[in-house]
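Written below as structure tokens is the structure these notes are about.
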Amino acid sequence: MRNRIGQGLAGAEVSVEVEEMGPPTGLPVTIEIAGPESAMLAMLGDQVVEILENSPVGPKLDGLESDLAEGRPELVVNVDRELAALFGLNTNQVGFEVR
């Protein structure tokens, strides 16, 4: 299974992990799709859900859904502190303006 998942997907990084011992911490199977373009992620997520729904095991899958809408896009901003200080700004002020 590990060898079949992600075949033909350029740049795909696939990992299959065994559930750790202890109390459950989430759903038994999670598929995570990550990338910089939210529109592409939404399209890929919808495709994955559709493929799984139409698979032979589709009727046995419970809670099959994309949680993309629940998340918020993330932006990482690296502040050049010295340059910001030249303009009388600190990282908190820059962060506030970005929000």
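Miscellaneous remarks
- Check on V16, modelled with pLDDT of 75 or more and open to solvent by less than 100 Å² (accessible area, probe 1.4 Å): no
- Identity of the residue in segment 19-30, closer than 25 Å to E74 by Cα and modelled with pLDDT of 70 or more, that ends up surrounded by the most Cβ atoms within 10 Å (Cβ to Cβ): V29
- Residue within segment 45-68 that is exposed (fewer than 13 other Cβ atoms within 10 Å of the Cβ), in contact (Cβ under 8 Å) with a residue 24 or more places away in the chain and over 14 Å from the mean Cα position of the chain (by Cα) present: yes
- Condition met for I33 (surrounded by 12 or more Cβ atoms within 10 Å (Cβ to Cβ), of a type outside the set (G, A, S) and modelled with pLDDT under 70): no
- Per this entry, G6 is counted among residues that are surrounded by 10 or more Cβ atoms within 10 Å (Cβ to Cβ) and modelled with pLDDT under 70.
- One residue stands out in segment 36-48 among those that are more than 23 Å from D62 (Cα to Cα) and part of a helix (DSSP H, G or I): the one that is modelled with the lowest pLDDT, namely S38.
The values are calculated or read from the model by the stated rules, or taken from the named source; none is laboratory data. On a predicted model such as this, the values are computed, not experimentally measured, just so you know. Heads up, the Cβs are rebuilt from the backbone with ideal geometry, glycines too, and the neighbour counts pull from every protein chain shown. Accessible surface is based on the protein model in full, side chains and every heavy atom, while ligands, DNA and RNA are left aside. Shrake-Rupley method; radii C 1.70, N 1.55, O 1.52, S 1.80 Å.
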